[in-house]
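Written out below as structure tokens is the structure these notes cover.
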Amino acid sequence: MLEQERSLLHSPGVMSQPGTFFLDQLDAVDFLRTLPSASVNLLITDPPYESLEKHRAIGTTTRLSHSKSSSNDWFEVFPNARFPDLLEEAYRVLAKDSHFYLFCDQETMFVVKPLAEEAGFTFWKPLVWDKQKIGMGYHYRARYEFVLFFEKGKRKLNNLGVADIISAPRVFKGYPTEKPSEVSRVLIEQSSQLGDLVVDPFCGSSSVGVAAVELGRRYLGNDQSPTALELSQERLLAAGGTLSRPVRPSSPHPSAARQLDLLVR
């Protein structure tokens, strides 16, 4: 997306209706840097964390195939060393009194928690996504994943009766490491209101976005993979979302034009 178009996304009347969405194709940190401070109501994301490499090496994440750049052909692994920049930008773009949820494993949790607190977040607790059936692994086979729950300022959950274990079956034959929209639906219902802006800088096939548009929230997703963006747009439109189309410049740069064609065709 061109810089002019990114600024238009935050103009009056653009991305203003519930269920509206837009997709971008940038590095996750660079994407967050394009957003105005305090412009996001809720951030939910699932980074391709570094420990995925180790899980694949010992045979516990076999659905990711090998490539020269990473352990898979779907996405670049996000190194732990980049989390400080990501968390600093996440804190900046979130509005006052808002929530931030990050999916991760037990190793990444110990990396992210202190860095997020250093960025300014309050850490409340790890939520548990119960996948209902065991998966692959050693030393007790894996059935759960963590969702770290952070707060900027002070915001009350919409329903204080919801448990810290969210049960939903894992996604089979979906996008790699895809999370079920049912989990994101709980988080969105708990931490946002109708028309709020939900953002995911590592959107994959936009399971977060599907839940967001179905619940009448606005959604901004970002991923570096063209395949992910194609799948995202297809899913979001099928879920009833409306693609926001900012005014194009009269003579867009060719590379930007190709990207726009991907996002709006």
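Every number in this text was worked out from the coordinates using simple rules, so none of it is lab data. Bear in mind the structure is a predicted one, so any value in this text is a computation, not a measurement. With ideal geometry, Cβ positions are generated from the backbone for all residues, glycine too; neighbour counts draw on all protein chains shown.
The fewest-to-most ranking of C104, C203 by surrounding Cβ atoms within 10 Å reads C104, C203. Ranking of T122, T20 by neighbouring Cβ atoms within 10 Å, starting from the fewest: T122, T20. Remark: H139, H99 ranked as H139, H99, counting other beta-carbon atoms within 10 Å and listing the fewest first. Using the structure shown, list the pairs from K96/K156; K125/K154; K96/K154; K156/K179; K131/K152; K133/K179 with a Cα-Cα distance above 18 Å, or answer none. In this structure, K156/K179; K131/K152 exceed 18 Å between Cα atoms. Please list, by residue number, everything in the stretch 196-221 whose backbone N is under 17 Å from a paramagnetic label point 7 Å out along Cα→Cβ of S39. Residues 196-202, 218-221 qualify, since their backbone N sits under 17 Å from the label point.
Between amide H atoms placed 1.01 Å from N, distances below 5 Å from A38 occur with V93, L94, all of them 5 or more places distant or on a separate chain. Take each peptide in 236-242, 196-202, count the other Cβ atoms within 10 Å of every residue, and average; sorted highest first, the result is 196-202, 236-242. Phi angles of the stretch 186-191 translate, via the Karplus equation with coefficients 6.51, -1.76, 1.60 and θ = phi - 60°, into HN-Hα couplings of 4, 5, 5, 5, 6, 10 Hz per residue; Gly and Pro are given as x.
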